[in-house]
Amino acid sequence: MAPQRMRGTVSPTLLAFGRRFRRLREAKGWTQEAVARRANGGRGVKPQYIGAIENGRTRCTREFAEAMDHHFDAKGELLYLYDDLVKDAKFPTWFDWHTVEPEAIMLESYEPLLVHGLLQTPAYASAVLKGDKDAVEARINRQSILTRENPPPPDFSMLQDEVTLHRLTGNSEIMKEQLEHLLYLMERGTVSLQIVPSRGEHVGNSGAFTIATLADRTEIAYADMAARGLTMSDPGDIATLRRTLMIVRSLALPMDQSMEMIRKVIREKWT
């Protein structure tokens with residue numbers, strides 16, 4: 001789902017950076033789509049993200065600017081402009097979420113309905129995405145941030161509602177494989193996953209969300225909705241999600257009990 005901006009305004013400094021970015025792109029004879037394909041270490045971003053940068057509607061990361069400086073043969077000009085115009089811009093940071101995840105040093109998530117996309121097996125993802133091969137491949141490729149060596153993987157803390165262990169997704173074999181995969185990731189320390197016993201009245205039931213902390217301690221959040229995903233950086237929004245996370249975490253089982261619950265569901269329901 002494409003993130004939704006919450007304001008229609010632009011920052012003058014971001015607009016100045018974006019105009020120069022566009023001129024460098026045009027000097028190479030590249031379209032926004034061509035630049036988008038080269039971004040994010042070859043994993044790409046959406047062309048709309050490039051458009052948002054050029055129109056001053058989003059603030060990219062310095063790592064993104066450095067990569068584009070290399071692609072544009074700008075000899076450091078884009079980095080100089082980033083440090084001068086973008087780094088301290090007083091403007092919300094609206095990202096394509098798949099661009100945020102690789103920049104995060106910490107991810108904290110709550111999932112009330114399904115296994116988190118970064119933890120899904122290909123078969124489970126295919127069931128959720130109704131067999132869309134391109135979408136499944138894109139989702140599985142995102143998981144590479146959890147096994148990368150440089151930079152180190154983000155610290156990943158996951159709160160997952162108990163109902164996700166019981167909700168049939170695909171078939172019994174897919175569910176068994178998925179839950180065993182969660183145990184594997186927990187045992188190797190890829191994710192700190194805690195199961196939240198199902199309760200209907202706590203505030204977490206309003207929906208899934210993730211908070212990403214970047215290297216400069218900036219916090220950006222992503223919330224799932226039926227119509228679209230919403231990316232947020234407003235301090236008030238982040239504070240609300242942090243309070244929600246704190247409340248839900250207080251209800252969660254410790255990791256050893258969470259692992260035992262997963263094993264029990266595998267034995268009793270999916271074997």
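Could you tell me whether Val265 is in contact (Cβ under 8 Å) with a residue 24 or more places away in the chain, surrounded by 15 or more Cβ atoms within 10 Å (Cβ to Cβ) and touching a strand residue (DSSP E or B) at 6+ places or on another chain (Cβ under 7 Å)?
Judged against the criteria, Val265 is not a match.
Identify, please: which residue in the stretch 45-61 is over 18 Å from the mean Cα position of the chain (by Cα) and surrounded by fewer than 19 Cβ atoms within 10 Å (Cβ to Cβ) and is, among those, nearest to Arg139 (Cα to Cα)?
Looking at residues that are over 18 Å from the mean Cα position of the chain (by Cα) and surrounded by fewer than 19 Cβ atoms within 10 Å (Cβ to Cβ), I get Gly51.
Quick one: which strands (runs of 3 or more DSSP E) sit completely within the stretch 188-237 and have at least 2 residues that are of a type in the set (Asp, Glu) and either more than 30 Å from Pro152 (Cα to Cα) or modelled with pLDDT of 90 or more (or both)?
Once the strands (runs of 3 or more DSSP E) in the stretch 188-237 are filtered for at least 2 residues that are of a type in the set (Asp, Glu) and either more than 30 Å from Pro152 (Cα to Cα) or modelled with pLDDT of 90 or more (or both), nothing remains.
Go through the stretch 142-163 residue by residue and tally those that are among the polar types (S, T, N, Q) and either touching a His at 6+ places or on another chain (Cβ under 9 Å) or outside the structural domain of His181 (by TED's automatic domain parsing) (or both).
Total satisfying the criteria: 1.
Which ones in the stretch 123-174 are of a type in the set (Phe, Trp, Tyr) and in contact with a strand residue (DSSP E or B) (Cβ under 6 Å, 6 or more places away or on another chain)?
Passing the criteria: only Phe156.
Does Gly42 meet the test of being under 26 Å from Arg142 (Cβ atoms) and either in contact (Cβ under 8 Å) with a residue 60 or more places away in the chain or among the small types (Gly, Ala, Ser) (or both)?
Against the criterion (under 26 Å from Arg142 (Cβ atoms) and either in contact (Cβ under 8 Å) with a residue 60 or more places away in the chain or among the small types (Gly, Ala, Ser) (or both)), Gly42 qualifies.
Being buried (at least 18 other Cβ atoms within 10 Å of the Cβ) and not basic (Lys, Arg) is the requirement here; does Ser109 meet it? Write out each step before concluding.
Values: buried (at least 18 other Cβ atoms within 10 Å of the Cβ): yes; not basic (Lys, Arg): yes.
For Ser109, the condition - buried (at least 18 other Cβ atoms within 10 Å of the Cβ) and not basic (Lys, Arg) - is met.
Over 22 Å from Ile247 (Cα atoms), crowded, with 17+ Cβ neighbours inside 10 Å and in contact with a Phe, Trp or Tyr (Cβ under 9 Å, 6 or more places away or on another chain), is that true of Met158?
No, not satisfied.
Which one of the conditions (1) crowded, with 19+ Cβ neighbours inside 10 Å; (2) in contact (Cβ under 8 Å) with a residue 40 or more places away in the chain does Gly117 fail to meet, given that it meets all the rest?
Result: Gly117 fails condition (2) only.
Check the stretch 131-142 and report whether any residue there is closer than 26 Å to Lys264 by Cβ and either surrounded by fewer than 21 Cβ atoms within 10 Å (Cβ to Cβ) or in contact with a Cys (Cβ under 9 Å, 6 or more places away or on another chain) (or both).
For the stretch 131-142, residues closer than 26 Å to Lys264 by Cβ and either surrounded by fewer than 21 Cβ atoms within 10 Å (Cβ to Cβ) or in contact with a Cys (Cβ under 9 Å, 6 or more places away or on another chain) (or both): absent.
In the stretch 18-34, how many residues are of a type in the set (A, V, I, L, M, F, W, C), assigned to a helix (DSSP H, G or I) and either surrounded by 13 or more Cβ atoms within 10 Å (Cβ to Cβ) or touching a strand residue (DSSP E or B) at 6+ places or on another chain (Cβ under 9 Å) (or both)?
3
Could we say that Ile220 is over 18 Å from Leu118 (Cβ atoms), among the hydrophobic types (A, V, I, L, M, F, W, C) and in contact with a helix residue (DSSP H, G or I) (Cβ under 6 Å, 6 or more places away or on another chain) here?
no
The values are calculated or read from the model by the stated rules, or taken from the named source; none is laboratory data. Given the structure is predicted, the values throughout are model-derived calculations rather than measurements. Positions of Cβ are backbone-derived with ideal geometry, glycine not excepted, and every protein chain shown enters the neighbour counts.
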